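Written out below as structure tokens is the structure these notes cover.
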Amino acid sequence: MTRRMPMGVADDPVAVTGIGVILPGAPTLGDYWDVLRGGVSQALELTEEVGGAAGRTGCEVKTDPTVVLSSRETRRMDRFSHLAVYAGLAAVADAAPDAGVDRNRCGVILGVGLNGMDAYHREFQRYLAGESLHPLFLPLAMPNAAAANLALRLGWFGPAVVVNTACASSANALGDAARLIADGELDLALAGGAETPLNGLILTAFAGLGALSPGNGAPHNACRPFDRDRDGFVMGEGAACCVLERLSSARRRNVRPYALLVGYGRGGDAHHLVAPRPDGEKARWCMAEALRDACLAPQDISHINTHGTATKANDLAEAKAIHALFGDTPPPVTAVKGTIGHLIGASGAAEAVASILTLRHGHIPPTANYVTPDPECAIDVVAGPGRPLAPGAVLSNSFAFGGHNAALVFASAGED
């Protein structure tokens with residue numbers, strides 16, 4: 001079997017030219033950077049209006065995503081589609097592609113882990129009460145709804161694809177989209193993810209798995225990635241999307257890219273349905289594949305945006321994987337889940353955007369709530385005010401239930 005050309009040696013690399021987000025505390029890209037730099041958790045106690053989840057802790061999006069939709073569109077989409085369309089349209093507006101772009105060669109690739117959970121939760125309550133279901137329940141809740149709604153709104157006729165690899169979904173979506181651009185199948189791709197898991201059903205289910213933090217005394221202190229006293233994550237919701245195109249296309253339009261997506265690795269643990277492989281070996285292999293695709297060595301990486309869930313097993317496995325690949329002096333790491341929560345299928349895209357912003361601003365944002373180092377996770381976790389970014393590329397990790405692993409490498413576009 002012929003191995004495809006690594007993205008890192010492409011004559012015309014894949015560029016990120018547009019970004020849109022709607023995240024906890026961050027309805028815009030500028031707000032997101034402010035939230036990350038501040039390093040303060042966005043977690044709050046949820047109200048009864050949030051899917052019957054009163055008393056639970058979560059990182060909620062307070063901005064109304066339907067401001068970009070008509071009343072008819074709003075009624076025909078579930079909340080995860082509302083968020084996806086908001087972020088997706090913002091990304092396309094940011095990139096401002098040529099009006100004459102061939103819409104047959106424009107595609108949407110989204111990562112969604114749980115899809116229309118709001119609709120499922122709401123309609124199941126109606127079913128139990130003997131009430132009629134919403135006539136559009138299935139198209140509201142289907143996993144491909146967000147990608148389909150974006151393609152409809154944009155009038156793009158290329159593939160509208162959904163990737164579902166649990167918490168690695170949107171990282172895989174970005175990597176797969178970059179490959180479609182690099183291999184010449186698409187000229188323009190909108191890639192990212194959206195998720196709305198803040199309802200009583202999903203929060204109770206994750207609590208039952210022992211994955212959620214019981215609170216640590218206050219919502220904003222609950223999620224503590226890599227800290228010795230970590231005891232689980234806080235759930236979040238949101239969406240993040242990027243527009244990808246070839247660098248030559250961006251230069252022709254006189255657009256300065258945010259970054260280049262130069263490496264993509266993916267693989268699996270084949271170990272356990274919900275637990276990571278304890279030695280982190282296949283996570284290490286996935287990161288190494290991303291570096292191979294980028295044609296970079298470990299010493300070329302100046303920062304890692306980790307998966308960093310704040311669960312005992314996941315953080316330890318990731319720390320072991322980082323040590324195995326980078327040796328005793330790995331690059332500094334951060335974990336944004338301490339700030340915005342765990343967005344499940346959308347987390348990879350939110351963290352990829354954080355990695356791009358870190359490159360763009362030359363500053364590593366801190367890991368919220370990191371106070372007491374864990375001697376078993378002996379990695380350089382950035383805390384406090386953050387830290388200047390050394391020259392080099394940035395690696396973004398996503399590791400998921402089912403053993404799904406994804407890693408992305410971003411590099412500067414080298415333009416002023």
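Laboratory data are not the source of any read-out in this text; all were calculated from the coordinates shown. Everything numeric here is computed off the predicted structure, so don't read it as measured data. Positions of Cβ are backbone-derived with ideal geometry, glycine not excepted, and every protein chain shown enters the neighbour counts.
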If one puts a single equal scatterer on every Cα of the stretch 7-252 and applies the Debye formula without solvent, what log₁₀ I(q)/I(0) results at q = 0.09, 0.12 Å⁻¹? -0.41, -0.72
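Within the stretch 61-150, which GluC sites (Glu not before Pro) sit in a loop by DSSP and count at most 16 neighbouring Cβ atoms inside 10 Å?
Numbers: sites: 73, 123, 131; in loops: 131.
In loop regions of the stretch 61-150 (DSSP not H, G, I, E or B), the sparsely surrounded GluC sites (Glu not before Pro) are 131.
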Taking Cα centroids, how far is the stretch 1-78 from the stretch 259-279 in Å? 22 Å
Stretchable slack from residue 295 to residue 75, in nm (0.36 nm times residue separation minus alpha-carbon distance): 74.5 nm
With each label point set 7 Å from Cα along the Cα-Cβ vector, what nm distance links residue 380 and residue 132? 6.4 nm
What's the extension gain from residue 248 to residue 372 if we count 0.36 nm per residue and subtract their Cα-Cα distance? 40.0 nm
Diagonalise the Cα gyration tensor of the chain and give the resulting equivalent ellipsoid semi-axes, square root of 5 times each eigenvalue, largest first, whole Å. 29, 28, 18
Viscosity 1.306 mPa s, 10 °C: Kirkwood-radius Stokes-Einstein D of the stretch 38-177 over Cα pairs, µm²/s: 95 µm²/s
Whole-Å semi-axes of the ellipsoid equivalent to the stretch 264-402 (Cα gyration tensor, √5λ, descending): 20, 18, 15
At a Cα cut-off below 20 Å, give the lysines reachable from residue 282, other chains included and same-chain residues fewer than 8 away excluded. 312, 320
Counting other beta carbons within 10 Å of each Cβ, put 409, 353 in order, fewest first. 409, 353
Using the reciprocal of the averaged 1/r over all distinct C-alpha pairs, how large is the Kirkwood radius of the stretch 18-61 in Å? 11.4 Å
Can you give the Rg to Rh ratio for the stretch 116-251, taking only C-alpha atoms and Rh from Kirkwood? 1.06
Using the number of other C-beta atoms within 10 angstrom as an exposure proxy, rank 44, 244 with the fewest first. 44, 244
Which GluC sites (Glu not before Pro) does the stretch 1-66 hold that lie in a coil by DSSP with at most 10 other beta carbons within 10 Å? 48, 49
Can you give me the distance in nm between label points at residue 256 and residue 274, each placed 7 Å from the Cα along the Cα-to-Cβ direction? 4.7 nm
For the residues 340, 364, what sequence is obtained by ranking on other C-beta atoms within 10 Å, fewest first? 364, 340
Within the chain, which complete DSSP H helices have Cα atoms spanning at least 15 Å along the helix axis and a mean Kyte-Doolittle hydropathy of 0.0 or higher? 79-95, 169-182, 312-326, 347-361
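Semi-axes of the equivalent ellipsoid of the stretch 205-250: what are they in whole Å, largest first, if each equals the square root of 5 times a C-alpha gyration tensor eigenvalue?
On the way: eigenvalues 249, 34, 21 Å².
Semi-axis lengths for the stretch 205-250 are 35, 13, 10 Å.
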Length gained if residue 40 through residue 204 is fully extended, taking 0.36 nm per residue and subtracting the Cα-Cα distance, is 56.5 nm
